[in-house]
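Comments concern the structure below.
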Amino acid sequence: MGVVLEAMAVPAKAIASLTGPAKLATLKGEREANPRLQKCVYWLAYAEEQGERPEAVLDQSAKLNKTAGTPYAGFVSWGLLENLKIAKELGLLTSEGMAELRQGKSATITKGQYSGQKAEPDYVIPVALCPELQNQVMNLELRPASLIRAKSDKVTERAKVFAKELYEAKLLSEEGWQKVKGWPP
């Protein structure tokens with residue numbers, strides 16, 4: 001058991017540091033959490049390459065940043081696992097892509113119709129409506145750059161469902177929930 005925890009220690013510590021609520025609260029500018037998401041995807045992919053279960057690494061990271069058992073930890077884990085899945089589907093986990101992700105940079109898509117484009121983090125719930133989610137890793141999703149440029153600030157059905165879940169978990173304010181729920185105005 002000690003060997004398993006030791007093997008996942010580096011990725012778990014890195015993710016704990018990158019997703020800790022206190023650290024995220026210190027981020028001030030727009031898109032400052034983007035490199036954090038990319039680094040987290042790197043660490044999950046790295047841990048998986050080493051034979052670790054990403055879910056176990058995320059559980060350990062939540063214990064380390066003292067969010068274990070909270071809705072926050074659940075949403076962070078869910079979001080990071082979704083992004084790991086997206087990274088695999090887009091072919092981001094090549095040696096070049098892993099090097100970019102480790103540095104918090106956008107990796108190049110190597111699979112599918114967006115091959116050759118960069119995969120960049122985008123907000124699930126637009127920050128124009130919910131600025132409180134601006135630097136939350138759980139609100140970011142890797143997407144092809146051309147899709148981000150074309151999206152604008154429209155609210156998808158998925159974003160509405162996600163906002164409702166965050167509101168019910170007390171991770172989104174009443175004001176934020178009302179803005180998302182009422183979109184379009």
Set the Förster distance to 41 Å, then compute FRET efficiency between Lys154 and Ala25 from the Cβ-Cβ distance, nearest 0.05.
0.90
Could you tell me the ratio Rg/Rh of the range 70-127? Both radii from Cα atoms, Rh via Kirkwood.
1.02
All-pairs Cα distance distribution in the range 3-72, expressed in whole percent, bin size 10 Å:
22, 51, 24, 3
Hey, can you list the DSSP H helices of the chain whose Cα span along the axis is 20 Å or longer and whose average Kyte-Doolittle score is at least 1.0?
2-19
Check the straight Cα-Cα distances from Lys179 and name the lysines below 21 Å, setting aside those fewer than 8 residues away within the same chain.
Lys151, Lys154, Lys160, Lys164, Lys170
Ranked from highest to lowest mean number of other Cβ atoms within 10 Å per residue, what is the order of the peptides 157-163, 86-92?
86-92, 157-163
If you average 1/r over every pair of different alpha-carbon atoms in the chain and take one over that average, what Kirkwood value in Å do you get?
16.7
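A short reminder: the numbers here are calculations on the coordinates, not readings from a lab. Note that the structure is a prediction, hence the values are computed from the model and not measured. FYI the Cβ positions are ideal-geometry reconstructions off the backbone, even for glycines, and counts take in every protein chain you see.
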